[in-house]
1. Can you find even one residue in segment 3-12 that is at pLDDT 90 or above and either surrounded by fewer than 16 Cβ atoms within 10 Å (Cβ to Cβ) or in contact with a Cys (Cβ under 6 Å, 6 or more places away or on another chain) (or both)?
2. Take the residues in segment 46-92 that are aliphatic (A, V, I, L, M) and farther than 30 Å from residue 31 by Cβ, then tell me which one is nearest to the chain's Cα centre (by Cα).
3. Is it true that residue 24 is in contact (Cβ under 8 Å) with a residue 24 or more places away in the chain, surrounded by fewer than 16 Cβ atoms within 10 Å (Cβ to Cβ) and among the aliphatic types (A, V, I, L, M)?
4. Please specify each residue of segment 33-45 satisfying the condition of being of a type in the set (Gly, Ala, Ser) and more than 25 Å from the chain's Cα centre (by Cα).
5. Quick check on segment 44-57. Is at least one of its residues of a type in the set (Val, Ile, Thr), at pLDDT 90 or above and surrounded by 13 or more Cβ atoms within 10 Å (Cβ to Cβ)?
Amino acid sequence: MGELTGGLIEMNSRYVMGSTAQFLVAIGFLLAAAFIFGAVMTYIEHGWKGALVMLALAVGFTVVGTVALNRPKVKEIKCCVNGPISLETVSSVYDIVKIDGKELVLRER
């Protein structure tokens, strides 16, 4: 990125997960843990047939969490403002996540 319209200087960048992927990872692994716990309790009370269904659901939710972890990440760039800039010009190229004084947090589209 270097400089954009002579007003932004890139400080650092990193790849982050989108909010949907974060939600799916959390829900997938929490439900998988709950169903594993349920499978153990069902096995103790009723035997292996009920526990098999619970384990199948746990595997399914683990797959959901794993797929969400492997989704493409979005590049997030922290920039420092060096002089006057036009936010319209910046927003035509990047999504503006946060403005904090002279620091901008941008995401690539």
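1. yes
2. 77
3. No, not satisfied.
4. Within segment 33-45, 38, 39 meet the criteria.
5. Within segment 44-57, none of the residues are of a type in the set (Val, Ile, Thr), at pLDDT 90 or above and surrounded by 13 or more Cβ atoms within 10 Å (Cβ to Cβ).
The values are calculated or read from the model by the stated rules, or taken from the named source; none is laboratory data. Remember, predicted model here, so these are calculated numbers, not experimental data. Reconstructed Cβ throughout: ideal geometry from the backbone, glycine too, with neighbour counts over all protein chains shown.
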